[in-house]
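Down below is the structure, laid out as structure tokens.
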Amino acid sequence: MYKITTKQVLTPVTKLMTVEAPLVARKAEPGQFVIVRVSGSGERIPLTIADFDRGAGTITLVFQEVGYTTRLLGTKEEGDSILDVVGPLGVPAELMSQGRVVCVGGGVGVAPVYPKAKALHEAGVEVISIIGARSYDLLIMEDMMRAVSRQLYVCTDDGSFGYHGFVSGKLQELLASGEQFDEVIAVGPLPMMRATVEVTRPLGIKTLVSLNPIMVDGTGMCGACRVTVGGKTKFCCVDGPMFDGHQVDFAEAIRRSQMYLEEEKTALHRCGCQGGDA
Amino acid sequence: MAERQGRVKMPAQPASERVRNFNEVNLGFDAELARQEALRCIQCKKPLCIQGCPVRVKIPEFIQLIVDGDFMGAARTIKETNNLPAICGRVCPQEEQCEKVCILGKRFEPVAIGRLERFAADWELRQGVEPPRLPERRPGKVAVVGAGPAGLTCAGDLALRGYEVTIFEALHAPGGVLIYGIPEFRLPKAIVKAEVDYVLSLGVKLETNVIIGRTLTVDDLFLEGYDAVFLGTGAGLPKFMNIPGENLNGVYSANEWLTRTNLMKAYQFPEWDTPVRAGQRVAVVGGGNVAMDAVRCALRLGAEEATIVYRRSRQEMPARAEEVDHAEHEGVQFKFLCNPTRILGNDRGWVTGIECIRMELGEPDASGRRRPVEVQGSEFVLDVDTVVMALGTNPNPIVVQTTPGLTAHRWGGLVVDEAGLTSKEAVWAGGDAVTGSATVILAMGAGKTAAEAIMKYLEGKYQA
């Protein structure tokens with residue numbers, strides 16, 4: 001059992017939890033994730049490690065309530081426990097130690113981008129961050145991102161705050177104004193990452209994305225998480241989750257992410273809750 | 001003696017019924033049937049059957065105890081060398097091992113050793129297992145990686161000799177392939193739990209949710225005071241064919257298909273949270289036991305048609321004959337001498353069919369089986385909405401990548417000597433991590449061999 005030590009409601013559909021998992025905290029690196037199981041009859045779902053505190057033996061999880069299991073997790077309070085937390089899984093991100101890097105986070109994707117921005121910042125890299133959400137009240141971790149960024153741009157789809165438009169649009173604007181970057185790291189919903197890599201592709205700027213496909217065991221056994229990268233099948237849980245975004249087959253990834261939409265509806269119907277698709 | 005000729009029939013759920021449930025197919029002998037079958041054993045002076053068993057169960061001895069009506073004694077005799085008898089009695093390929101060399105088999109059918117083993121083990125489980133008295137603690141602390149057949153056997157043997165053992169398991173529950181892979185209808189999970197509990201009752205500690213290579217490394221284990229490590233990490237990445245369409249929605253590896261169905265209980269969705277897309281027409285590609293498990297799960301999950309696609313003929317199928325028979329009785333169709341060439345999908349990316357080419361058998365290959373050769377222009381399409389690839393696995397790369405000094409073959413299997421010692425000092429390995437996809441009992445045999453070697457190593461270390 002893994003105790004929840006703090007819980008914050010970041011937006012109506014996004015929650016942050018700090019969880020006691022000393023062994024995971026000791027080894028965690030930016031880019032890695034854990035597999036979580038909330039109940040005895042529960043699914044195994046991957047969640048990115050948004051932050052870790054080796055001294056306190058805790059990891060931070062940020063999740064959006066998109067389906068049955070994330071909703072169930074969202075009902076847990078401080079002092080409650082999560083049944084299973086295993087990790088850290090995946091290959092740690094290979095981060096630059098100098099230069100100028102843009103960290104792009106869309107929606108709940110700001111959470112996985114944060115540990116990378118933080119590590120880059122601590123290594124002395126100039127971090128420019130672009131974060132966004134559909135609306136300003138759905139934006140998460142703005143202050144945390146500001147603290148590790150030389151410059152932070154906020155975007156909202158509805159124009160309720162900052163740049164009116166997508167994060168990829170803001171990136172395009174910066175590049176058009178002549179800004180130079182050594183690398184882009186983009187994490188968020190698949191369409192957002194796809195739009196971002198199309199912005200950087202013509203300029204040949206290396207762009208890393210972090211994929212979050214459906215997983216079962218998460219340890220390299222089941223193959224549910226396969227993605228096509230550079231024309232080859234990769235297993236996201238052991239080969240990823242970070243890949244060269246220009247090589248990723250996003251159309252396939254989007255299609256595969258929708259494999260259980262029907263079953264997800266059944267599960268949500270059963271628990272009497274509606275899916276938050278924000 | 002006429003009754004020696006044929007073995008006692010195993011009571012089973014009728015095919016028409018069992019295909020609609022996940023309950024165990026074989027119901028097991030009762031005491032009377034068990035004694036009848038046990039009486040068939042001629043108690044050879046030099047029993048070949050023991051030689052045929054990878055863990056050297058004292059077969060004639062336990063069978064005689066069944067004849068004598070001492071069923072608990074029979075179970076205890078088996079357990080002298082086998083910590084998991086109710087599991088082995090169900091899933092060992094006895095026809096390739098102990099029963100293959102049974103003298104009776106030369107003229108009649110061999111003694112049904114596996115069924116008798118199962119009977120004795122089940123009897124003991126029903127009566128309540130008393131853990132044996134353990135010897136005094138010996139100096140030496142061993143970390144076992146993976147709570148599958150290899151790891152459980154290794155851990156149990158070491159604990160029985162007085163060593164302190166901790167098993168580290170990556171999943172949330174122990175059992176490895178016994179719980180994620182082999183379906184309930186062939187190996188009930190309550191049986192696995194009972195036998196895992198027996199191993200734990202020997203004093204073995206279990207840490208779930210620990211991935212060696214990520215949560216802790218092998219070197220961390222030594223730093224934490226373990227003297228020796230056994231790696232029984234099991235199957236890894238599933239193999240695919242690298243044909244077009246394998247990433248379409250509706251294509252599964254057998255590992256995923258079975259893990260969802262068995263470990264995560266997808267057949268009880270939505271009471272259990274994990275779904276599986278069973279489809280109406282399922283093709284399973286492969287001819288091993290895993291393929292049989294997958295195809296039989298498909299029927300139980302509600303598929304109207306479930307078909308095995310195998311590139312060789314029935315004779316070359318590596319699956320146990322009993323499993324193939326069971327599948328056939330349940331209505332599984334077999335397309336022999338067919339090999340998939342691509343998987344077809346609709347514009348939304350879901351499987352609509354599998355294109356296969358007919359094969360014919362040519363000259364024997366390295367495995368001694370006749371090599372299948374394509375018949376040019378013989379392609380045809382099977383209309384299916386789900387495809388399961390049961391082609392075996394490659395060992396998990398995580399431990400090798402994170403353990404300096406550990407050598408693997410190019411295909412991923414760990415390099416070991418005959419006792420299971422790896423290239424790294426005080427690290428042994430066995431099971432699928434060494435051999436690639438093999439059987440439960442071979443993994444157990446490897447766990448046992450390594451346990452012996454580890455005991456010798458620890459004796460030497462603490463004598464000095």
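Throughout, read-outs are computed from the coordinates displayed, never taken from laboratory work. None of the values given here were measured: they were computed from a predicted structure. Cβ sites come from the backbone with ideal geometry, for glycine too, and all protein chains shown count toward neighbours.
Structure data summary
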{"quantity": "Equivalent-ellipsoid semi-axes of segment A:221-268, from the Cα gyration tensor, Å, largest first", "calculated": "23, 13, 8"}
{"quantity": "Candidates A:Thr75, A:Thr48, A:Thr228: whichever shows maximal mean-square fluctuation once chain A is modelled as a Gaussian network with Cα springs under 10 Å", "calculated": "A:Thr75"}
{"quantity": "FRET efficiency for A:Ala251 and B:Glu418, using Cβ-Cβ distance with R0 set to 41 Å, rounded to 0.05", "calculated": "0.20"}
{"quantity": "Segment B:Glu61-B:Leu361, length gained on full extension (0.36 nm per residue, minus Cα span)", "calculated": "103.6 nm"}
{"quantity": "The protein assembly as shown - charge dipole about Cα centre, Lys and Arg +1 at Cβ, Asp and Glu -1, debye rounded to 20", "calculated": "1260 debye"}
{"quantity": "Alpha-carbon centroid distance for the pair segment B:326-405 / segment A:127-199, whole angstrom", "calculated": "45 Å"}
{"quantity": "CD proxy at 222 nm, helix term only [per DSSP H run n ≥ 4: -39500 (n - 2.57); per residue of chain A; nearest 500]", "calculated": "-7500 deg cm²/dmol"}
{"quantity": "Net charge, A:Gln180 excluded, C-beta distance under 15 Å - Lys, Arg +1, Asp, Glu -1", "calculated": "-2"}
{"quantity": "Debye equation applied to the C-alpha atoms of segment A:138-252, log10 I(q)/I(0) at 0.19 Å⁻¹", "calculated": "-1.06"}
{"quantity": "Share of pairwise Cα separations in segment B:321-464, more than 20 Å, in percent", "calculated": "68 percent"}
{"quantity": "Check: chain B dipole with +1 on Lys, Arg Cβ and -1 on Asp, Glu Cβ, in debye", "calculated": "700 debye"}
{"quantity": "Amide proton proximity set for A:Ser81, modelled H, under 5 Å, gap of 5+", "calculated": "A:Ile4"}
{"quantity": "Neighbourhood net charge (15 Å Cβ-Cβ; Lys/Arg +1, Asp/Glu -1) for A:Leu211", "calculated": "+3"}
{"quantity": "Options A:Ala251, A:Leu171, A:Ala186, ranked by Cα towards positive dipole end of segment A:132-276, top entry (Cβ charges)", "calculated": "A:Ala251"}
{"quantity": "Amide H partners (placed H, <5 Å) of B:Val384, local residues excluded", "calculated": "B:Gly353, B:Ile354"}
{"quantity": "Antiparallel content of DSSP bridges confined to chain B, in %, to 5", "calculated": "35 percent"}
{"quantity": "Pairwise centroid distance, computed over Cα atoms, of segment B:206-224 with segment B:119-164, Å", "calculated": "21 Å"}
{"quantity": "For segment B:91-179: Kirkwood Rh in Å [reciprocal of mean 1/r, alpha carbons]", "calculated": "15.8 Å"}
{"quantity": "Cα Rg, Dmax, chain A, angstrom units", "calculated": "17.7, 54"}
{"quantity": "Rounded if a/c under 1.5, otherwise prolate or oblate - segment B:138-221, Cα gyration tensor axes", "calculated": "oblate"}
{"quantity": "Cross-link pairs beyond the 22 Å C-alpha cut-off, checked among A:Lys234/B:Lys335; B:Lys46/B:Lys456; B:Lys58/B:Lys100", "calculated": "A:Lys234/B:Lys335; B:Lys46/B:Lys456"}
{"quantity": "Charged-residue dipole, Cβ positions (Lys, Arg, Asp, Glu), segment A:1-145 about Cα centre, Debye nearest 20", "calculated": "260 debye"}
{"quantity": "Computed FRET value (nearest 0.05) for A:Arg201 with B:His329, which takes r as the C-beta separation and R₀ as 45 Å", "calculated": "0.20"}
{"quantity": "Fraction of beta bridges assigned by DSSP in chain A that are antiparallel (%, nearest 5)", "calculated": "60 percent"}
{"quantity": "Segment B:315-395 pair-distance distribution - Cα-Cα, 10 Å bins, rounded %", "calculated": "15, 35, 40, 9, 0"}
{"quantity": "Cα gyration tensor shape for segment A:1-94, rounded if a/c is under 1.5, else prolate or oblate", "calculated": "rounded"}
{"quantity": "Gain upon complete extension [B:Glu425, B:Gln36; 0.36 nm per residue less C-alpha separation]", "calculated": "135.0 nm"}
{"quantity": "Surface/4 of the Cα convex hull for the protein assembly as shown, nm²", "calculated": "34.7 nm²"}
{"quantity": "For a label point 7 Å along the Cα-to-beta-carbon line of B:Asp219, residues of segment B:386-401 with backbone N under 17 Å", "calculated": "B:398-401"}
{"quantity": "Surrounding net charge for B:Thr341, when Lys and Arg each add one and Asp and Glu each subtract one, Cβ distance under 14 Å", "calculated": "0"}
{"quantity": "Sequence of A:Arg201, B:Arg370 once ranked by neighbouring C-beta atoms within 10 Å, starting from the fewest", "calculated": "A:Arg201, B:Arg370"}
{"quantity": "Within a Gaussian network of chain A (alpha carbon springs, distance under 10 Å), most fluctuating of A:Gly165, A:Gly245, A:Gly188", "calculated": "A:Gly165"}
{"quantity": "Shape call, chain B: gyration tensor on alpha carbons, a/c limit 1.5", "calculated": "oblate"}
{"quantity": "Simple spin-label estimate for B:Gln5 and A:Glu77 in nanometres, 7 Å along Cα-Cβ", "calculated": "7.5 nm"}
{"quantity": "Estimated [θ] at 222 nm from DSSP helical runs (n ≥ 4, -39500 (n - 2.57)) normalised by residues in chain B, nearest 500", "calculated": "-9500 deg cm²/dmol"}
